[in-house]
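Here's the structure we're looking at; comments come further down.
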Amino acid sequence: MRNIAQKHTFPRLTGQRVNKLQCPPGKINLLYGPKPVFHISHGVAGEQLIKSQQVAVVDGANRFSPHAIATIARRQHVDPEEMLGRIVVSRAFTCYQMESAVTDRTPAFLNNHDCPLLIVLGPLDLFYDEQAPMRDVHRGLQHMLDTLDALKKQGVAILVTSQQITAPHGRGHLFTSLKTKADSVYRLDVGERHFALLMEKTNRKAEIINSNSLNPKQIQSSNFKMIKTKSTTGVG
C-alpha cells in the first residue's frame with residue numbers, strides 16, 4: 001500500500017457537510033447504488049482524515065480521488081497535502097490483485113499502523129471479469145470476505161462501496177455473498193429531485209433523517225432520508 005497524492009478527475013463536491021453514514025468499529029458496512037456512492041465514501045474518509053486519523057483504501061474500480069480529498073481539506077481549512085499524507089491506497093486491476101490487496105497487503109499494513117478505517121471501493125468489479133475462471137472467483141472472493149471478517153473482529157471499521165451494475169450471466173450471486181457478510185447494508189436511491197439512503201439491513205436502530213427536494217449533485221453535503229426497507233435483488 002502506498003501514499004497517493006496525484007490529481008484525479010472527480011465530480012465537484014458541494015458544501016461542507018459530509019453524509020450521515022456512520023461506520024462503527026468492528027463492523028462491515030456495505031453501501032451500494034449508483035455512481036454517487038463513491039462521493040459518500042470520500043466524505044466518510046474525509047471525516048476521519050480531518051480528525052488526524054489514518055485511512056486505508058483498497059480500490060478495485062479506479063474510483064479513489066485525491067482531488068476529492070483535497071477539496072474536502074480546503075473546505076475545512078486543512079492542508080490538503082497533510083490530509084493526503086494520512087491516506088494509503090492499494091489499487092487492483094485484476095481479481096487476483098484485488099484478493100491480494102485485501103488479504104495480504106491490507107492486514108500487513110493495519111497490523112503495523114494505527115488505522116481505524118478501511119474503505120474498499122468496487123469490491124466485485126474485477127470478479128465480474130468473465131475471463132477469470134469461476135473457480136478462482138469463488139475462492140478469491142471467499143478469501144477476501146473471510147479476511148474482512150477477521151479485520152472487523154480486530155475492531156477495524158470497514159466500509160465496502162459497490163456501484164449498482166448488472167452482473168455478467170452467472171455472477172449475480174457474488175453480490176449476494178457480499179451482502180450476506182455485511183453487518184449493515186445501505187442502498188443509495190437517487191431520483192431527479194431527491195435522494196435517500198435506505199437501510200436494508202442493520203444491527204442498529206434505523207435512523208430517520210428528513211430531506212426535501214434535493215439536487216443529487218449535493219449528496220455529500222445534504223441530509224439523507226434514512227429508512228429501513230426490505231432487501232432488493234438484481235444488483236451486480
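Each reported figure results from applying straightforward, stated rules to the coordinates on display, with no laboratory input. Predicted, not measured: the structure shown is a model, and the values here were computed from it. Cβ atoms come from the backbone with ideal geometry, glycine included; neighbour counts cover every protein chain shown.
A few points about this structure:
- Close amide-amide hydrogen proximity is noted between residue 58 and 90, 119, 120, 121, each under 5 Å apart and 5 or more residues distant or on a separate chain (H modeled in the peptide plane; Pro and chain starts excluded).
- Filter on 152/179; 152/181; 35/181; 51/153 - keep pairs with C-alpha separation over 19 Å: 35/181; 51/153
- Taking packing as the residue-averaged number of other Cβ atoms within 10 angstrom, the listed peptides 34-41, 175-182, 149-156 run from highest to lowest as 34-41, 175-182, 149-156.
- Between residue 135 and residue 75, the contour length at 0.36 nm per residue exceeds the alpha carbon distance by 16.9 nm.
- Residue by residue, the stretch 170-186 carries 3J(HN,Hα) couplings of x, 10, x, 5, 5, 5, 4, 4, 5, 5, 5, 6, 6, 7, 10, 10, 10 Hz when phi is fed to the Karplus relation 6.51 cos²θ - 1.76 cosθ + 1.60 (θ = phi - 60°); x denotes Gly or Pro.
- For the peptides 189-196, 160-167, 91-98, the ranking by packing is 160-167, 91-98, 189-196, with the highest mean count of neighbouring Cβ atoms within 10 Å listed first.
- For the stretch 92-109, Karplus couplings with θ = phi - 60° (6.51, -1.76, 1.60), whole Hz, Gly/Pro x: 10, 10, 9, 5, 5, 5, 5, 4, 5, 4, 7, 8, 10, 5, 5, x, 4, 5
- Ratio of Rg to Rh for the stretch 30-118: 0.97 [Cα atoms; Kirkwood radius as inverse mean 1/r over pairs].
- Here's how it looks for residue 26: its modeled amide H is under 5 Å from those of 155, 156, 157, 158, which are all 5 or more places away or on a different chain.
- Listed values for the stretch 160-167 are Karplus-derived 3J(HN,Hα) couplings in whole Hz (6.51 cos²θ - 1.76 cosθ + 1.60, θ = phi - 60°), namely 10, 10, 10, 6, 6, 9, 7, 6, and x replaces Gly and Pro.
- Summarising the amide proton neighbourhood of residue 194: residues at separation of 5 or more, or on other chains, whose placed amide H is nearer than 5 Å comprise 214.
- Distance (nanometres) between label positions extended 7 Å along Cα→Cβ at residue 82 and residue 112: 2.6 nm
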